[in-house]
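The values are calculated or read from the model by the stated rules, or taken from the named source; none is laboratory data. All figures in this text were calculated on a predicted structure; none of them were measured in a lab. Reconstructed Cβ throughout: ideal geometry from the backbone, glycine too, with neighbour counts over all protein chains shown.
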Amino acid sequence: MAMTLHWLIAALIVTNIGLAWYFNSLNGLPKIPPVQLHKSFGITILLLSLARLAWRIVSPPPPLPASLSRWERMAASTVYVLFYGVMIGMPLSGWALTSASLIIRFEPIKLFGTIPWPAIGPLTHLPAPAMKQTHDTFVTVHGLLADLAYGLIVVHVAAALRHLVLLRDGVMGRMVPFLPAASA
Ligand code: HEM
């Protein structure tokens, strides 16, 4: 379950970043379908990440291999915590910036064009200046979390490859089903 959720969420996050880069290059009406798909994938990521967190609590992962040093364990925990911040904070800030906008009134969120998804109620009723300020704040937060995500992805992939290619210590097998896995 943890492996399935890991790879599903990873694929959706990379896809959603790609979609954002794509729709950022568009203007006007052609921008609407990729933005709507981005919102649908984003909300799906939120739900899957909450499921992943719940699963982690119900079924904690096996301890890391004893061969890992103190700094490696601390680095791993820091990256995990920051990743959960991105996996939950990005969709929430995206949902908030979309809700704090007049556009939501004639273009509500509809997951994959079919399932209606509510706006965050209080944000839709703000007076115009406060709504604009709130919208801009969440756009900034969303962008900063995107920058954090880029950094985390680079560090995470580099660390995974280091374990796979240089250390060959079975850490990669904890997330890749067909590789031998190591634990303490
Ligand atoms: C993990 C999930 C998500 C990821 C990885 C993600 C990623 C991104 C990225 C990289 C950008 C471009 C940021 C920039 O240009 O500075 C962006 C923009 C945007 N995202 Fe997301 N996003 C996610 C979830 C959501 C959700 C759930 C919504 C809405 C329900 C949303 C709505 C938007 C909108 C409307 C923009 C354009 C903001 C603007 O510049 O006006 N995102 N997203």
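Quick notes on this structure:
- Taking segment 27-132 as the region of interest, the helices (runs of 4 or more DSSP H) fully inside it that hold 3 or more residues being small (Gly, Ala, Ser) and more than 28 Å from Asp169 (Cα to Cα) are 32-58, 70-99.
- The set of residues from segment 65-87 being buried (at least 17 other Cβ atoms within 10 Å of the Cβ) and under 8 Å from the mean Cα position of the chain (by Cα) comprises Phe83, Val86, Met87.
- Neighbours by Cβ (under 8 Å, 6+ apart or cross-chain): first from segment 143-164, among the hydroxyl-bearing types (Ser, Thr, Tyr); second away from the ligand (no atom under 13 Å from the Cβ) and part of a helix (DSSP H, G or I): none
- Restricting Ala66, Ala51 to those that are among the small types (Gly, Ala, Ser), more than 11 Å from the ligand (Cβ to nearest atom) and more than 25 Å from Gly151 (Cα to Cα) reduces the list to Ala66.
- Total residues in segment 138-166, condition more than 12 Å from the ligand (Cβ to nearest atom) and more than 25 Å from Thr4 (Cα to Cα): 1
- The set of residues from segment 98-148 being among the aromatic types (Phe, Trp, Tyr) and at pLDDT 95 or above comprises Phe112, Trp117, Phe138.
- Close pairs from segment 1-18: first farther than 14 Å from Lys39 by Cα, partner surrounded by fewer than 16 Cβ atoms within 10 Å (Cβ to Cβ) and of a type in the set (A, V, I, L, M), Cβ under 6 Å, at least 6 apart: Met3/Met175; His6/Met175
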